[in-house]
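**Q** Input: one structure, supplied below.
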Amino acid sequence: MKKLLTVVALSFVLAAGAAFAQPFYVAGDMNGWDATVAQMFDDGTNGDAVAGDGIHSLLMNIAFAGRYEWKAALFGWGDSWPHSGNSWFYTTSDNEDVLFTFNINTVGDGWLADGYWP
């Protein structure tokens, strides 16, 4: 039975503008930090649950068990999140599917002030 690890990923406040028009990519240890190959989607495909909800997702197979660091990035590293440090996850078996998600919605929970992220 294949396990699915869900990376309850990044939830950041983004200012309206160019960042919303760009596709987001998963870049990390598992793909050589290449911010051009693993595109996240907000169209109900590739692991994305609901099209157009502002939550970008990608279901990716991780070849080897281990600890990995990653970021959500604009194509070619135009910008990335989190700005300081990396997000991380563990897989416990080889060929484990991991669901990456990146929420670009403004969340009014008071944790980060609106406009903190560019």
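Read the figures in this text as sums done on the coordinates, not as results from a lab. Computed from a prediction, not measured in an experiment: that's the story for all the values here. Backbone-built Cβ (ideal geometry, glycine too); neighbour counts: all protein chains shown.
**Q** Restricting attention to the range 81-106, which residues are part of a loop (DSSP other than H, G, I, E, B), farther than 22 Å from Gly44 by Cα and either polar (S, T, N, Q) or under 11 Å from the mean Cα position of the chain (by Cα) (or both)?
**A** Result: Pro82, Ser84, Asn86, Thr92, Ser93, Asn95.
**Q** Could you grab the pairs with beta carbons closer than 8 Å, sequence gap of 6+ or different chains, first residue in the range 75-94 and within 21 Å of Gln22 (Cα to Cα), second one in a loop (DSSP other than H, G, I, E, B) and of a type in the set (Val, Ile, Thr)?
**A** Close Cβ pairs (under 8 Å, with a partner that is in a loop (DSSP other than H, G, I, E, B) and of a type in the set (Val, Ile, Thr)) amount to Phe75/Thr36; Gly76/Thr36.
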